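A.B. asks: Mind having a look at this structure? Questions to follow.
The values are calculated or read from the model by the stated rules, or taken from the named source; none is laboratory data. Note that the structure is predicted; figures quoted are calculated from it, not measured. A quick note on method: Cβ atoms are made from the backbone with ideal geometry, for glycine too, and the neighbour counts reach across all protein chains shown. We work out accessible area using only protein heavy atoms, side chains counted, and drop any ligands, DNA or RNA first. Shrake-Rupley method; radii C 1.70, N 1.55, O 1.52, S 1.80 Å.
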Amino acid sequence: MSIMEVNSRLQKYIIRKMVKGVVFNPETLTYSVTQKSISDNEWQELVLEAGKYGIAEEPLRKIVKEIDDQTTFYPKREISFNLNPDDIKAGQHLCLHTISPEYGPAQLELLCLEPCRFFVLKSDRNVLIFEDELESITKPWNVGFIADFLVFREGKRYPDTTHVYRTYKIDKIELLHPADVYELLDAEKSDYVNN
């Protein structure tokens, strides 16, 4: 059984048992693990929990090793070749990578506000700025094709009601998911609040 086949609840449980603490370094603005270990008692708890999912002790050892190797402090990136903006959930962080024959590659980093409506977090193209809102006209987005958006700046259509923003050809669509560290921090905060 691989890590991909393991229930995400069990993965989170294993990570919480394995990581003993997370610290933030204000100089480098990064998180790091203070210690990773599993005591004998914690191992027995893991074995019991894994048993609920039909996982024996030996496969659990391999799963724990995989999780240990893959626990990250950076957003997880999921690549997509096509994506329907109607299906994107509010709060999803994503990045459209485009490529222009004249200007080269660019990125448009977005946060989904609601299906088809996005908040601009970052753009390599001068026409869009942080806090612009985009409404997708193109459905679905596909690698190798352009996407059109209505642009809203300070609540009004920008630059006017007749223009749309057209990306260059989409080279890659990335969905960004929170790093494991944020789940650990949430768990620590929850433990602190509950004690």
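A.B. asks: Kindly indicate the residue of the stretch 33-63 that is open to solvent by less than 90 Å² (accessible area, probe 1.4 Å) and in a strand (DSSP E or B) and also nearest to Ile14 (Cα to Cα) among those meeting that condition. Let's see the steps before the verdict.
C.D. replies: First pass over the stretch 33-63, keeping only residues open to solvent by less than 90 Å² (accessible area, probe 1.4 Å): 33-34, 36-39, 42-43, 45-47, 49-51, 53-57, 59-60, 63.
Those still in the list that are in a strand (DSSP E or B) too: 33-34, 36.
Details: Val33: 15, Thr34: 16, Lys36: 11 Å.
This residue is Lys36.
A.B. asks: Pick out, from the stretch 118-182, the strands (runs of 3 or more DSSP E) lying fully within it that include 3 or more residues that are over 18 Å from the mean Cα position of the chain (by Cα) and touching a residue at least 60 places away in the same chain (Cβ under 8 Å).
C.D. replies: Values: elements: 133-136, 148-153, 169-177.
The qualifying strands (runs of 3 or more DSSP E) are 169-177.
A.B. asks: Let me ask you something else. Which of the residues that make up the stretch 57-84 are under 16 Å from the mean Cα position of the chain (by Cα) and not charged (D, E, K, R)? Can you show your working first?
C.D. replies: Narrowing the stretch 57-84 to residues under 16 Å from the mean Cα position of the chain (by Cα): 70-80, 83.
Residues satisfying the conditions are Gln70, Thr71, Thr72, Phe73, Tyr74, Pro75, Ile79, Ser80, Leu83.
A.B. asks: Do you know which residues across the stretch 14-29 are of a type in the set (Lys, Arg) and touching a residue at least 60 places away in the same chain (Cβ under 8 Å)?
C.D. replies: Within the stretch 14-29, just Arg16 meets the criteria.
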